[in-house]
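*Asks:* Quick one: the structure is below, questions incoming.
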Amino acid sequence: MNILVTGGAGYIGSHTVKELALAGHNPVVLDDLSRGHRSNVKWGPLVEARCGDEQRVYEALVEHKIEAVIHFAAFAYVGESVHSPRMYFENNFVQTLQLVNAMHRAGVRRIVFSSTCATYGDAKTVPIDETHPQLPVSPYGESKLMVERLLAASGIAEGLQWVALRYFNASGADLDGELGEEHDPEPHLIPRAILSVLGKAELKVFGTDYPTPDGTAVRDYIHVKDLASAHLKAVQYLMDGGESLAMNLGTGKGSSVLEIIHAIEKCSGRKSSAEMAPRREGDPPELVADPRLARRVLNWECRHSDIDTVVSSAWRWHTRNA
Ligand SMILES: NC(=O)c1ccc[n+]([C@@H]2O[C@H](COP(=O)([O-])OP(=O)(O)OC[C@H]3O[C@@H](n4cnc5c(N)ncnc54)[C@H](O)[C@@H]3O)[C@@H](O)[C@H]2O)c1
């Protein structure tokens, strides 16, 4: 299949492009390189453009005879979205609307969308299944929920076929060491904790008095290779005429901040200099997925998401590239 991967120069997008190419598909990356890296684009052509450039997107869809789009391109920092909400609504929602316009014009009818557990807001029940109320508490989560709504309405009105994948915490690095997580600044726990044991960043543990076993926040870490394989299955599902729907991608198992730090200390043989700090506004105590729907619908499961594999793959990549 010819597949347009927006945001394919970024972290999750580049790992997915590699999986697509290994499976014999033809990925074409569309990325404006605002937050991604040209060096991540190794398995197909790069169209350097914004998703909001309707004409360029249309031309790319037609030129490469695209059959489906996987849409990763977005800004993805909750804290930044609180300070710059217009930037988030413009980049994540308005530019997705323009992408969908271009798809409509080019007759491309299938899209797999990167949604997020941030669309749920504060967890009322854990694990979180797809029927949990969607009440986001950040402009980032709002912007992603608006896209889900756009896709659902376009599906009803115009026959757009869509899958929204609500990821929990993407983590780890390519098992062959070719790709890894590289954000600047780096807000995610695992790379930040690795950079901290390497003496290249400070690490704060926000909140030590949560109602969790060790008092620190619990999250569901899913290996980026498992996320990538779910995208392949989701595209195939749409090609086979599967019904449009939203699904969680997570492991169903939570790890606390301290458990992650200890795993990194064990893997690196170094001591973390993490500082304990008060809770951060808007950080829920526990976010863990109920992943059963995706397992059933996509016939998919996590194969690399145990914490040792997540941490050791990230450690290997960071020590070679940071
Ligand atoms: N990382 C996570 O834990 C996580 C969790 C849930 C959801 N997500 C979602 O997954 C997707 C990918 O996340 P990531 O961590 O790989 O992010 P990333 O920043 O590494 O990658 C995003 C890519 O999109 C590109 N981009 C951004 N806006 C663009 C635009 N308007 N036009 C063209 N290119 C644009 C960037 O240059 C970058 O290469 C995002 O949509 C994010 O919201 C990520």
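Just so you know, all these numbers are worked out from the coordinates, no wet-lab data involved. Bear in mind the structure is a predicted one, so any value in this text is a computation, not a measurement. So basically every Cβ, Gly included, is an ideal-geometry build from the backbone, and we count neighbours across all protein chains shown.
*Asks:* What is the set of long-range amide H partners of Val218 at a cut-off below 5 Å, with H atoms built 1.01 Å from backbone N?
*Replies:* Residues meeting the amide H criterion: Glu286, Leu287.
*Asks:* Here is a further query. As a test of the formula, what do you get for the chain when each DSSP H run with n ≥ 4 contributes -39,500 (n - 2.57) and the sum is divided by the residue count, at 222 nm and rounded to the nearest 500 deg cm²/dmol? Please report the intermediate quantities before stating the final value.
*Replies:* Numbers: 11 runs with 123 residues, N = 322.
Rounded to the nearest 500, it is -11500 deg cm²/dmol.
*Asks:* I want to verify a result. In a Gaussian network model of the chain, Cα cutoff 10 Å, which of these has the top mean-square fluctuation: Asp129, Asp184, Asp209?
*Replies:* Looking only at Asp129, Asp184, Asp209, the largest GNM fluctuation is found for Asp184.
*Asks:* Also, quick follow-up: Anyone know which of Ala230, Ala201, Ala73 comes out most mobile in the 10 Å Cα GNM of the chain?
*Replies:* Between Ala230, Ala201, Ala73, it is Ala201 that shows the largest mean-square fluctuation.
*Asks:* While we're on this one: For the range 172-244 and the range 259-322, what is the separation of their C-alpha centers, rounded to whole Å?
*Replies:* Cα centres, the range 172-244 to the range 259-322: 6 Å.
*Asks:* Return the percentage of antiparallel bridges among DSSP beta bridges fully within the range 161-298, rounded to the nearest 5 %.
*Replies:* 15
*Asks:* Right, here's the next one. So what are the ³J(HN,Hα) numbers for the range 313-320, from phi and the Karplus equation (6.51, -1.76, 1.60; θ = phi - 60°), rounded to whole Hz, Gly and Pro as x?
*Replies:* Per residue, the Karplus-derived 3J(HN,Hα) values read 5, 5, 4, 4, 5, 5, 6, 8 Hz.
*Asks:* Now for a separate question. DSSP beta bridges in the chain, what fraction antiparallel, as a percent rounded to 5?
*Replies:* Counting only bridges with both partners in the chain, antiparallel ones make up about 5 percent.
*Asks:* How big is the equivalent ellipsoid of the chain along its three axes, where each semi-axis is √(5λ) from the Cα gyration tensor, reported in whole Å from largest to smallest?
*Replies:* Taking √(5λ) for each eigenvalue gives 31, 22, 18 Å, largest first.
*Asks:* Got a sec? How would Leu151, Leu160, Leu227 order by Cβ neighbour count within 10 Å, fewest to most?
*Replies:* With the fewest neighbours first, Leu151, Leu160, Leu227 line up as Leu160, Leu151, Leu227.
*Asks:* Another one. Across the chain, where is the longest run that never hits GluC sites (Glu not before Pro) in a DSSP loop with at most 15 other C-beta atoms within 10 Å?
*Replies:* Here the longest segment lacking exposed loop sites spans 1-177.
*Asks:* Checking the a/c ratio against 1.5 first, then a/b against b/c, what shape does the Cα gyration tensor give for the range 82-160? Don't skip to the end; give the middle numbers.
*Replies:* Details: a/c = 3.07, a/b = 1.46, b/c = 2.10.
Note, shape of the range 82-160 comes out oblate.
*Asks:* Which one, Arg280, Arg166, Arg35, has the greatest fluctuation when you compute a Gaussian network model over the chain with C-alpha springs under 10 angstrom?
*Replies:* Judging by the Gaussian network model, the answer is Arg280.
*Asks:* Related question: Would you mind listing how long the range 15-90 runs along its three principal axes, going by Cα atoms, in whole Å with the largest first?
*Replies:* 41, 27, 20
*Asks:* Something else: Normalised radius of gyration for the range 96-253, please: alpha carbon Rg relative to 2.2 N^0.38 Å, two decimal places.
*Replies:* So the range 96-253 has a normalised radius of gyration of 1.18.
*Asks:* Within the range 121-234, how many Lys pairs that are eight or more residues apart, or on different chains, come under 27 Å at the alpha-carbon? Write out the running numbers ahead of the final one.
*Replies:* Working: Lys124/Lys144; Lys124/Lys204; Lys144/Lys225; Lys144/Lys233; Lys200/Lys225; Lys225/Lys233.
Lysine pair count for the range 121-234: 6.
*Asks:* Going highest first, how would you order 192-198, 168-174 by mean Cβ packing within 10 Å?
*Replies:* 168-174, 192-198
*Asks:* Another question, then. P(r) for the range 161-319, please, calculated from all Cα pair distances in 10 Å bins and given in %.
*Replies:* Percent of pairs per bin, in order: 11, 37, 33, 15, 4, 0.
*Asks:* Now a separate question. Hey, can you grab everything whose amide H is under 5 Å from the amide H of Val28? Only 5+ residues off in sequence or another chain; H modelled, so Pro and N-termini drop out.
*Replies:* Distant-sequence amide H within range of Val28: Ile3, Leu4, Val5.
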